[in-house]
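In what follows, a structure is listed as structure tokens, so that the remarks can point back to it.
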Amino acid sequence: MRKAHFIGLLLLLAPSVSSADFTARPGLWEVTTTSVLLNLVPEIPPDQVQMLSKLAKQYGVVMPKIQNGAAMSKICITQQMAEQKIPDYFHQRQSGCSVKKTAQTENGYKLDLVCAGPEIKGSGKAEGMFTNPETFSGQTEFNGVVRGTPVNDRADTSGRWIGENCTTASP
């Protein structure tokens, strides 16, 4: 049961997309996130996963498909989102987390996260880099407490543009 609390961290480790000297291509993106905590998901009873999925929905997050320590999701990037230099829109909705100290880098961004919500408390750092307008990679580190359980984890994220049609993505 204790491991079930870690799944709440998924709400924080949402994928990140940014732009540097160019904008991300608007449309449907496939995003893959890997972490040590995601490897624990098979050990969580199905009823607890369902409960955590409902919790995620309260924050506007659709639980991604998790398999072999990786979470895969599809995300629709609008033209307005693609034009942002630092993608704080992914992090600000997550369980009372806010973005602090943002900085644009040569090919991406860096930002600090501070979480003071009822489910997640702590801080972290996120950074991302575009290889081109259709691919990116990034990392998020978090140290804090998720539903009363200490958490210290790092997630690696990669994404690729897969098409203009966003009908199969979460908002």
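Any read-out appearing in this document is the output of simple, stated calculations on the displayed coordinates, not a laboratory observation. Computed from a predicted structure; not experimentally measured. Cβ sites come from the backbone with ideal geometry, for glycine too, and all protein chains shown count toward neighbours.
With all pairs of separate Cα atoms included, the range 111-171 yields a Kirkwood hydrodynamic radius of 13.6 Å.
Taking a straight line from the alpha carbon of Lys110, these aspartates and glutamates sit under 20 Å away, with near neighbours fewer than eight places off in the same chain left out: Asp21, Glu83, Asp88, Glu127, Glu134, Glu141, Asp153, Asp156.
At a Förster radius of 22 Å, what calculated FRET efficiency corresponds to the Cβ-Cβ distance of Thr32 and Gln79, to the nearest 0.05? Calculated value: 0.40. What separates the Cα centres of the range 38-68 and the range 129-144 is a distance of 22 Å.
Peptide packing: for 152-165, 113-126, 45-58, the average count of neighbouring Cβ atoms within 10 Å per residue gives the ranking 113-126, 152-165, 45-58, highest mean first. In this calculation the C-beta distance from Asp47 to Lys125 is compared with R0 = 25 Å, giving a FRET efficiency of 0.15.
Karplus-derived 3J(HN,Hα) values for the range 35-49, using 6.51 cos²θ - 1.76 cosθ + 1.60 with θ = phi - 60°, are 6, 4, 5, 5, 5, 7, 4, x, 7, 8, x, x, 5, 6, 5 Hz; glycine and proline are entered as x.
Projected label points at Glu106 and Arg160, each 7 Å from Cα along the beta carbon direction, are separated by 2.5 nanometres. Rounded to the nearest Hz, the phi-derived 3J(HN,Hα) couplings of the range 101-115 under the Karplus curve 6.51 cos²θ - 1.76 cosθ + 1.60 (θ = phi - 60°) are 6, 7, 8, 8, 10, 4, 10, x, 7, 9, 8, 9, 10, 10, 10, where x marks glycine and proline. Applied to the range 128-139, the Karplus parametrisation 6.51 cos²θ - 1.76 cosθ + 1.60 on θ = phi - 60° returns per-residue 3J(HN,Hα) values of x, 8, 8, 7, 7, x, 10, 9, 8, 9, x, 9 Hz, with x for Gly and Pro.
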